[in-house]
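The values are calculated or read from the model by the stated rules, or taken from the named source; none is laboratory data. Fair warning: this is a prediction, and the values are worked out from it, not measured in the lab. So basically every Cβ, Gly included, is an ideal-geometry build from the backbone, and we count neighbours across all protein chains shown.
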Amino acid sequence: MNNKPTPNQPLVTHIYTADPSAHVFEGKIYIYPSHDLDHDGPNNDNGDQYAMEDYHVLSIDNFDSPVVDHGEAMHLKDIPWASKQLWAPDAAYKNETYYLYYPARDHDGIFRIGVATSASPAGPFAPEPTYMEGSFSIDPAVFMDDDNQAFIYFGGLWGGQLEKWQTGIFKPDETGPEQETPALGPRVALLSDDMLSIQGVPQEISIVDENGLPITAGDEDRRYFEGPWVHKHNGWYYLSYSTGTTHKLVYAISQNPLGPFTFKGTILTPVIGWTTHHSIVEFEDKWYLFYHDSSMSDGVNHKRCVKYTELHFNEDGTIKTIHYNDL
Ligand code: FUB
């Protein structure tokens, strides 16, 4: 049993956690993080340091009750198609079933996205035997629209391999795109009614500036890097994500879940540690940002901790920037 959550303090300290996807299920907040491992393995731009092997689900009844770690919800050894690196997951509920979406490298070293099911939001989750056909790259985030139609957003550069899929086929040596050309966008696809497969070919999302021009690959303060999340507020779809090399959480908005999304601004300024990854959830009429940093390890990139803070909207629907150094 852990302490009750405190804003901007680690939710749990007995394990390293990252990439928190928070949802309200059964009246509580469930958090689906990655489970960082303490190891001395290689550390590089390929993300080898993120050598995670299982997932733990966390929950809080409310912000006055202790954080519960429900224990191991799924392990790499139980996933026939996966070889390593259980990275940022997400969860969804439909058909009286909870679904866990997660990326991992397959036996050829290519990142794919798998799905697992459970009768409980806390798991344990039983993985489907194969990855979702047509899936690739990392960081799945599932958004359930008001009409119960589920969209899956995904994709991440560098270790996440998104740039290697520019032609629709995995090309291991592909880099780019050029600095002055449109940045790569996250991908989006509809999920089937049974939530187990992707419908059609995932589309690339366009993120544009205030003049409708695509954000370019060289615009590292605004271009998409990884960690997509979509929430809806006053009829607008908000796509938020990490800018990677500039370490910000930023957002863009649209009236269509498929985009194009217009860039609006920064949600969270850089945290301690290289990666920044988040989710946004409404609970009892307030909005919360769940995020991570590496403060629990004095900045070791693969020893992160999940935190939360309240998120505020301005009257015009823009999000008030959270300044990490002021937290
Ligand atoms: O946790 C492994 C990777 O680091 C995630 O998939 C990325 O979003 C970054 O947080």
Query raised in the report: Does ASP293 fit the bill of being crowded, with 21+ Cβ neighbours inside 10 Å and of a type in the set (Asp, Glu)?
Result: yes
Report task. Answer yes if at least one residue in segment 214-237 is on the phi > 0 side of the Ramachandran plot and more than 19 Å from the chain's Cα centre (by Cα), and no otherwise. Result -> yes
Report task. Those residues that are modelled with pLDDT under 95 and aromatic (Phe, Trp, Tyr), I need them from segment 20-55; list them, please. Result -> TYR50
Report summary line: Here the residues within segment 133-163 that are buried (at least 20 other Cβ atoms within 10 Å of the Cβ), within 16 Å of the ligand (Cβ to nearest atom) and farther than 13 Å from ALA104 by Cα are ALA141, VAL142, ILE152, TYR153, LEU157, LEU162
Requested in this report: Given the conditions (1) away from the ligand (no atom under 16 Å from the Cβ); (2) of a type in the set (Gly, Ala, Ser); (3) more than 23 Å from GLY273 (Cα to Cα), report the number of the one that GLY185 does not fulfil.
Outcome: (1)
Query raised in the report: Can you name the condition, by its number, that HIS292 falls short on among (1) within 19 Å of ILE29 (Cβ to Cβ); (2) touching a Pro at 6+ places or on another chain (Cβ under 6 Å); (3) not polar (S, T, N, Q)?
Result: (2)
Report task. Within segment 92-121, work out how many residues are of a type in the set (A, V, I, L, M, F, W, C) and either surrounded by fewer than 22 Cβ atoms within 10 Å (Cβ to Cβ) or within 15 Å of the ligand (Cβ to nearest atom) (or both). Result -> 6
Requested in this report: Would you be able to say whether some residue in segment 176-189 is closer than 17 Å to HIS231 by Cα, modelled with pLDDT of 95 or more and either basic (Lys, Arg) or part of a helix (DSSP H, G or I) (or both)?
Outcome: yes
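For every residue, the table says whether it meets (1) buried (at least 21 other Cβ atoms within 10 Å of the Cβ); (2) β-branched (Val, Ile, Thr).
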site	(1), (2)
ASP221	no, no
ILE253	no, yes
ILE267	yes, yes
THR276	yes, yes
ILE280	yes, yes
Requested in this report: For segment 1-27, enumerate the residues that are farther than 19 Å from THR309 by Cβ, in a strand (DSSP E or B) and either among the hydrophobic types (A, V, I, L, M, F, W, C) or away from the ligand (no atom under 16 Å from the Cβ) (or both).
Outcome: PHE25
Query raised in the report: So which pairs qualify, if the first residue must be in segment 31-56 and more than 12 Å from the ligand (Cβ to nearest atom) and polar (S, T, N, Q), the second must be modelled with pLDDT of 90 or more and not in a loop (DSSP other than H, G, I, E, B), the Cβ gap must be under 9 Å, and the two must be at least 6 apart or on different chains?
Result: ASN44/GLY159
Query - Residue among GLY156, GLY227 that is of a type in the set (Gly, Ala, Ser) and in a loop (DSSP other than H, G, I, E, B) - result: GLY156
Requested in this report: Evaluate segment 124-132: report whether one residue or more is in a loop (DSSP other than H, G, I, E, B), closer than 30 Å to ASP146 by Cα, within 16 Å of the ligand (Cβ to nearest atom) and of a type in the set (Phe, Trp, Tyr).
Outcome: yes
